[in-house]
Amino acid sequence: MTNLSLFRESTRSWLADNCPKSMREPMLEKDICRGGRNHIFQSNDQKIWLDRMASKGWTAPTWPIEFGGAGLCKEQAKVLREELIAIEARPPVSGMGISMIGPAILEFGSETLKKQHLPAMARGEIRWCQGYSEPNSGSDLAGLQTKAENFGDHLIVNGQKVWTSYGDDADWMFCLVRTNTDVGKHSGISLVLFDMETKGVTTRPIQLISGTSQFCETYLDDVRVEIDQIVGEIDAGWTVAKYLLTHEREALGKMGSSPVERSIKEQAITCLDLTNGRLNDEVIRKELIDWEIDYFCHQLTSERVNAEIASSGVGNTSAMLKYYGTELNKRKYELLISIHGSESMHWEDNPVSRQWLRSKGNSIEGGTSEIQLNIIAKRILGLG
Ligand SMILES: Cc1cc2nc3c(=O)[nH]c(=O)nc-3n(C[C@H](O)[C@H](O)[C@H](O)COP(=O)(O)OP(=O)(O)OC[C@H]3O[C@@H](n4cnc5c(N)ncnc54)[C@H](O)[C@@H]3O)c2cc1C
C-alpha cells in the first residue's frame, strides 16, 4: 500500500470517528461557522467539529505545523478534501482568514506576523475582513486614496473603504493603504493589518436587496497601525494584494460546487412532476442537464489546473476559474428559481429567493466578470 493510500485510510477512519453526524447534514448560509471573538456556536457539535479539526491542523492542512496547520503536501490535502466531500462534511470554519490573508502572510509576512496571526486563524479564533474597495476604486483598485502617514514605529491611516463584507462582525481587517504618493499608481501601496476595535475605526452596514446586511462602509479616522503590521515591504503592497486576490478568486471559482447543499437534481425531483423517474418539464430537464455537464467540465478543469500548478508551480488561471465558477453559480440559482416556481417567493420559509438575489453579486465581488475577461485576454490568451 502506498503512503498516500495509507493516509487515505487513516483519514477516513479518523473522520468517521470524529465528524459529528449533524456536521454532515446539508447547510444554509446561517449554518456557516465563520469563527471569531464574537462567534456564537449554533450547537455543541459545531464547536466540537471546529476544535477537533483545528487540533489536527486540518482547518489549514498545508500550513506548517508551527503555524497551526498540519504540514500536508498538496496530494495529501487533496485526499483530505476528497474524504471530507465523501462524507458531506461541513467546513469546520470559513472566512477570509484561512482562504485569503493567511496565505498572503505565509508568503510575504514576517515571522512575527506569522506567529501572531496564523495559529489563531487556524483555530477560528479571529475573523477577518477585507479593506480593498473604496468609493472611487473598485475595478481600478490601484487608484485607492486611503492614506497612511509614516511616523517611524507606526502609521496613521485616514480614508474610507466600502463593500467591506462582514465589516461589523470582523475582529481584524487587512487593508490596502497608500504609503507613498510620489511614485507611480501601483507603487506606494502597502497592505496593513489592524484590529477593528482600534480607535478611529467605524463601520456602517449597507442594506441589501436580499433583506440582510452583509457589508459595510468602513471609516478610518486617524487609525494607528503599528509598523510591524505591514505584510511584506512598505510601499510594495501591490504584489501582496494581487497574490491575495488570486486566492480570493480561486475560492470564489469553487462556487456552484458546494458539496454540502442538496443537489439541483434532488431539488427538482422533490418539487416537480415525474413520469417513470424522468422530469415531465422538458425545458427544465434540458437546462438541468446542460448545467450538470458544464458543472462537471468546470470541476475537471479545476482539477487539471490544480495539477498543473502542483507540478509546474505556476498558474495564471484564477481569473478563468473565478469567471466561470461564479457565472455557473448564478445560472444554478436561476434554475432553482424555475424549479421551485412560485414556492421560491415564500421569502421567509424558502431560502432560494434570497440565495438567488445574493448570487447576483458573485460576478462583481473579488473583481467583476468584465475585469476577469480582460485578465484572461491579456495574461492567458496573450491578446494585446
Ligand atoms: C457581494 C460583494 C462582496 C464584496 N466584498 C468586498 C469586501 O469584503 N472588501 C472589499 O474591499 N470589496 C468588496 N466588494 C467590492 C468589489 O470588489 C467591487 O464591487 C468590485 O471590484 C467592482 O468595483 P466597483 O463596485 O467599484 O465597480 P466599478 O469598478 O465602478 O465597475 C462598474 C462597472 O464597470 C465595469 N468596468 C470597470 N472597469 C472596466 C474595464 N477596465 N473594462 C471593462 N469593464 C470595466 C465593471 O465590470 C462594472 O460592470 C464586494 C462586492 C460584492 C458585490
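Here, each number is a calculation from the coordinates, and none is a lab measurement. Predicted, not measured: the structure shown is a model, and the values here were computed from it.
Read phi for every residue in segment 77-85 and hand back ³J(HN,Hα) as whole Hz from Karplus 6.51 cos²θ - 1.76 cosθ + 1.60, θ = phi - 60°, with x for Gly and Pro.
Using θ = phi - 60°, the values come out as 4, 5, 4, 4, 4, 5, 5, 5, 5 Hz.
Against the longest principal axis of the chain, how steep is helix 282-312, in degrees 0 to 90 to the nearest 10, with axes from Cα atoms?
Tilt relative to the chain: about 50 degrees.
Name the shape class, rounded, prolate or oblate, that the alpha-carbon gyration tensor gives for segment 3-94, where a ≥ b ≥ c are the square roots of its eigenvalues, rounded holds for a/c under 1.5, and otherwise prolate holds if a/b is larger than b/c and oblate otherwise. Please list the in-between numbers first.
Details: a/c = 2.11, a/b = 1.40, b/c = 1.51.
Because a/c hits 1.5 or more and a/b fails to exceed b/c, segment 3-94 counts as oblate.
Of Lys161/Lys254; Lys78/Lys322; Lys199/Lys322; Lys74/Lys115, which pairs sit farther than 28 Å apart, going by alpha carbon to alpha carbon? Please list the in-between numbers first.
Details: Lys161/Lys254 26 Å; Lys78/Lys322 20 Å; Lys199/Lys322 36 Å; Lys74/Lys115 23 Å.
From Lys161/Lys254; Lys78/Lys322; Lys199/Lys322; Lys74/Lys115, over 28 Å: Lys199/Lys322.
Can you give the angle from 0 to 90° between the axis of helix 44-56 and the longest principal axis of the chain, with both taken from C-alpha atoms, to the nearest 10?
60 degrees
Can you list residues from other chains, or at least 5 along the same chain, whose modelled amide H is less than 5 Å from the amide H of Phe215?
The list, which skips near neighbours in sequence, is Tyr166, Ile206.
Using the Karplus curve 6.51 cos²θ - 1.76 cosθ + 1.60 with θ = phi - 60°, work out ³J(HN,Hα) for each residue of segment 196-202 in order, rounded to whole Hz, and write x for Gly and Pro.
Couplings: 5, 8, 4, 4, x, 9, 10 Hz.
Pop out the ³J(HN,Hα) list for segment 211-218 in order, Karplus 6.51 cos²θ - 1.76 cosθ + 1.60 with θ = phi - 60°, rounded to Hz; leave Gly and Pro as x.
Using θ = phi - 60°, the values come out as x, 9, 10, 8, 10, 9, 8, 10 Hz.
For the chain, find the longest principal axis of its Cα atoms and tell me its angle to the long axis of helix 3-18, 0 to 90°, nearest 10.
It is inclined by approximately 80 degrees.
Pull up all non-local amide H partners of Arg34: gap of 5 or more, or a different chain, and H-to-H distance under 5 Å with H placed in the peptide plane.
Answer set, sorted by chain and number: Ser94.
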